[in-house]
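> Sending over a structure as structure tokens; questions will come in a sec.
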Amino acid sequence: MVILTKDSYRPFEIIKLICMPKKLRFPTIAKRAVKQTFGKPATAKYPFVKPQLADNFRGQPAFDSSSCIGCGLCSRDCPAKAIEMVTVDGKKRPQLNLSKCVFCYQCAESCPKKAIKTTSTYELATTDKSTLTKKPPPNPKTN
């Protein structure tokens, strides 16, 4: 809708608006619809075909409890506070809460014994949030 004021009154603009309708874009839309209908799909068939992950993909962190010395550097350096040190059989071990983890791998970089490894596990969806807490395994019994 055009509002005419004393300053904006231009006879040619009024004639152009009334007599010359805008160019229809139906042919462009039709071309795009046909191309999308018969062309290659834009999405992947994810559940049936697994994606190829990059070499430096940051998946779920994996803790190697046998090489962990319980120093707590991973817990201290975690920016999301997703790692908590818990006592297991008298030793401090890291407990990871994946619902808080931002997958920055600062913990893996700060671990002096390299007990935290990167994995390519990316399917972490769950309906039970408690399954996202990875508790450290008990220490093996030594005889």
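The values are calculated or read from the model by the stated rules, or taken from the named source; none is laboratory data. Please read all numbers here as calculations on a predicted model, not as lab measurements. A quick note on method: Cβ atoms are made from the backbone with ideal geometry, for glycine too, and the neighbour counts reach across all protein chains shown.
> Hey, among the residues in the stretch 124-143 that are surrounded by 10 or more Cβ atoms within 10 Å (Cβ to Cβ) and not polar (S, T, N, Q), which one's modelled with the lowest pLDDT?
Per the criteria, the residue is P138.
> Oh, and also: Do the conditions hold for V102, that is, is it surrounded by fewer than 16 Cβ atoms within 10 Å (Cβ to Cβ), within 24 Å of F57 (Cα to Cα) and not hydroxyl-bearing (S, T, Y)?
Against the criterion (surrounded by fewer than 16 Cβ atoms within 10 Å (Cβ to Cβ), within 24 Å of F57 (Cα to Cα) and not hydroxyl-bearing (S, T, Y)), V102 qualifies.
> Here are S75, S66: which of them is assigned to a loop (DSSP other than H, G, I, E, B) and among the polar types (S, T, N, Q)?
Residue meeting the stated conditions: S66.
> When you go through (1) more than 18 Å from V102 (Cα to Cα); (2) at pLDDT 90 or above; (3) surrounded by fewer than 14 Cβ atoms within 10 Å (Cβ to Cβ) one by one for G39, which number turns out not to apply?
Only one criterion in (1) more than 18 Å from V102 (Cα to Cα); (2) at pLDDT 90 or above; (3) surrounded by fewer than 14 Cβ atoms within 10 Å (Cβ to Cβ) is unmet by G39, namely (2).
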